[in-house]
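Throughout, read-outs are computed from the coordinates displayed, never taken from laboratory work. The structure displayed is predicted, hence computed values, not measured ones. With ideal geometry, Cβ positions are generated from the backbone for all residues, glycine too; neighbour counts draw on all protein chains shown.
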Amino acid sequence: MRRRNFLPTPLALAAAGRPRILLRSSWQSVNIGDIGHTPGALSLIEKHFPEAEVTLWPGQLGHGSRELLTKGYPRLKIAEGTLGPDGKPSTAALAKAWEETDLYLSGSGSGFPASNHAAAFQKATGKPVGVFGVSTDPVSGIGEGLRAEGGTLKQLHAAALKLPPTHLSPALRSILDRAAFFFCRDTISRDYLKAQRVKTPVLEFGPDAQLGMHLRDDAKGFAWLRAHGLEANRFICVIPRLRCTPYYRIRNTPRVAADDVRDAINQRTTGPDHARLREMIVSYVKHTGNKVMACAEMTYQVEMAKQELVDPLPADIRKNVVWRDTYWLPDEAASIYSQAQAVVSVECHSPLIALHNGTPAFYVRQPTDTCKGQMYRDFGSGDWFFEIEETSGDELWSRLAAIHKDPARAKARVKTIQATVDRLQKRMIDAVRAACRA
């Protein structure tokens, strides 16, 4: 029998027949991928477990993400707060959510976000914890050298399997061993945790929840396309990225010594990285006469898209390139990506949004990113995945040319990929259902 330190109220007893989930998600709002994790999980629960009631315990709900969720999911409850010094909820709303829920569900993210909160919840309530599609980057604890100077996924996988079975921290091992299920959004994370001999009964590959998001804002997105002369299937979207995200700039916090290292990496690599994308853009425009939309996945990339993708282009090419000069939400991005011929991104989540909406997508991974990019190979999109230091503008154009030449075949390929994703994500919700009934 599960130990529960919270006594049920009459209201909780009256509603005991309805499965309740406390979704810990919405880690930040400066990235449409982090915003999209939450509606992705909510859409999947709504589709495969509609009788469940979900309360969101969010990290941050800025940049319009709160309104996105309350409009898209009218039944959703939100309980905000943190943990007090005693390891208990800091607000009455969060305490009530802990009391009433049947399952703590940790949403997609890098690492196991807020794992200490999951551990505190389980200790206080005795109720199950489940993890819904995360990456556990095994090399990040070793140092940034490998990842900064050429850490491909193959290298990360090999390094992970060489680590001693005591590499996982005792605190993290404790909550993982007691988790009802742990879905890794890439097989490198899964294989690492298996090699670490984690004891959760369900340790499987389960793709990022972003792939389940059904929200779109066609009215807003299509109006933007019309205003900027972009026609359906006659443009591509291209998204840039720095190798090291400048969080001190995003959050307006003081620089620390590590920021000097990260800035030096960015200064050395940003030019060569984006030269590849510009070469692809030039070839695409010259061979097709179509247009290109340069846009952002993170707030800092709005200006970066202009500086690195648009401004350096030759004038005859630049006239066919449209710069998106504002940040957006994932529902509008989904609508615009749905009309693109393809999405080419150095960020990981825009391609996921595109694939869910039927659009072919390339992910061009940098070595400083985590092992989450392995999921593209895992769900069958390996030849639309590129390690940035192992590819070129010509290769990107060659793969893009194939999509332009036979769009029907590319669209069919996307359907096959999404069918695989749908099957895997239904399995994830089956585990959620089983844990709620345990």
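Could you pull out the pairs from LYS199/LYS411; LYS162/LYS199; LYS372/LYS415; LYS162/LYS426; LYS319/LYS411; LYS154/LYS426 whose alpha carbons sit more than 31 Å apart here?
LYS199/LYS411; LYS162/LYS426
Report for the chain the percent antiparallel among DSSP-assigned beta bridges with both residues inside it, nearest 5.
5
Taking θ = phi - 60°, what integer Hz values does the Karplus form 6.51 cos²θ - 1.76 cosθ + 1.60 yield along the stretch 354-362, in sequence order, with x for Gly and Pro?
Using θ = phi - 60°, the values come out as 4, 4, 4, 9, x, 9, x, 8, 10 Hz.
Of LEU94, HIS167, ALA227, which is farthest towards the positive pole of the stretch 92-240's charge dipole, taken about the Cα centre with +1 and -1 on the beta-carbons of Lys, Arg and Asp, Glu respectively?
The one lying farthest along the dipole's positive direction is HIS167.
Points 7 angstrom from Cα along the Cβ direction at GLU53 and GLU67: gap in nanometres?
In this crude spin-label approximation the distance works out to 2.8 nm.
Can you tell me what share of the DSSP beta bridges in the stretch 218-419 is antiparallel? A percent to the nearest 5 is fine.
Of all bridge pairs located within the stretch 218-419, approximately 0 percent are antiparallel.
Show the residues, 5+ positions off or on another chain, whose built amide H is closer than 5 Å to the amide H of SER106.
The list, which skips near neighbours in sequence, is ARG24, GLY130, VAL131, PHE132.
Which distance in Å, rounded to a whole number, links the C-alpha centroids of the stretch 49-127 and the stretch 169-185?
Cα centroid to Cα centroid, the span is 18 Å.
Let a ≥ b ≥ c be the square roots of the eigenvalues of the Cα gyration tensor of the stretch 98-237; is it rounded (a/c under 1.5), or, if not, prolate (a/b larger than b/c) or oblate?
oblate
Quick one: work out Rg over Rh on the C-alpha atoms of the stretch 254-399, Rh as Kirkwood radius.
0.95
Got a sec to turn the phi values of the stretch 122-127 into Karplus ³J(HN,Hα) couplings, 6.51 cos²θ - 1.76 cosθ + 1.60 with θ = phi - 60°, whole Hz, x for Gly and Pro?
Calculated HN-Hα couplings, in order: 5, 5, 6, 10, x, 8 Hz.
Tabulate in residue order the Karplus-calculated ³J(HN,Hα) for the stretch 27-43, using 6.51 cos²θ - 1.76 cosθ + 1.60 with θ = phi - 60°, rounded to whole Hz; enter x for Gly and Pro.
Those phi angles translate into 5, 7, 10, 8, 9, 5, x, 5, 5, x, 3, 5, x, x, 5, 5, 5 Hz.
Which aspartates and glutamates have a Cα less than 16 Å from the Cα of LYS88, not counting those fewer than 8 places away in the same chain?
Reachable aspartates and glutamates: GLU80, GLU99, GLU100.
Charges at C-beta only: +1 for Lys and Arg, -1 for Asp and Glu. How large is the resulting dipole of the stretch 151-269 about its Cα centre, in Debye rounded to 20?
My answer is approximately 240 debye.
What is the projected area of the convex hull of the Cα atoms of the stretch 25-156, averaged over all directions, in nm²?
The number I arrive at for the stretch 25-156 is 9.8 nm².
Using 0.36 nm per residue of separation minus the Cα-Cα distance, give me the extension gain between ALA93 and ARG377 in nm, one decimal.
98.1 nm
With +1 on the Cβ of every Lys and Arg and -1 on the Cβ of every Asp and Glu, and nothing else charged, how large is the dipole of the stretch 218-419 about its Cα centre, in debye rounded to the nearest 20?
Here the size comes out at about 400 debye.
Give me the distance between the Cα centres of the stretch 383-414 and the stretch 228-302, rounded to whole Å.
Spelled out, the Cα-based centre of one part sits 19 Å from the other.
Cross-link candidates for LYS220: which lysines have Cα within less than 21 Å, leaving aside residues fewer than 8 places away along the same chain?
LYS220 reaches LYS71, LYS291.
Starting from the Cα-Cα distance between TYR247 and ASP311, subtract it from 0.36 nm times their residue separation and give me the gain in nm to one decimal.
20.6 nm
List the residues, sorted by chain then number, that are 5 or more residues from VAL202 or on another chain and whose placed amide H is less than 5 Å from its amide H.
HN-HN under 5 Å from VAL202: PHE182.
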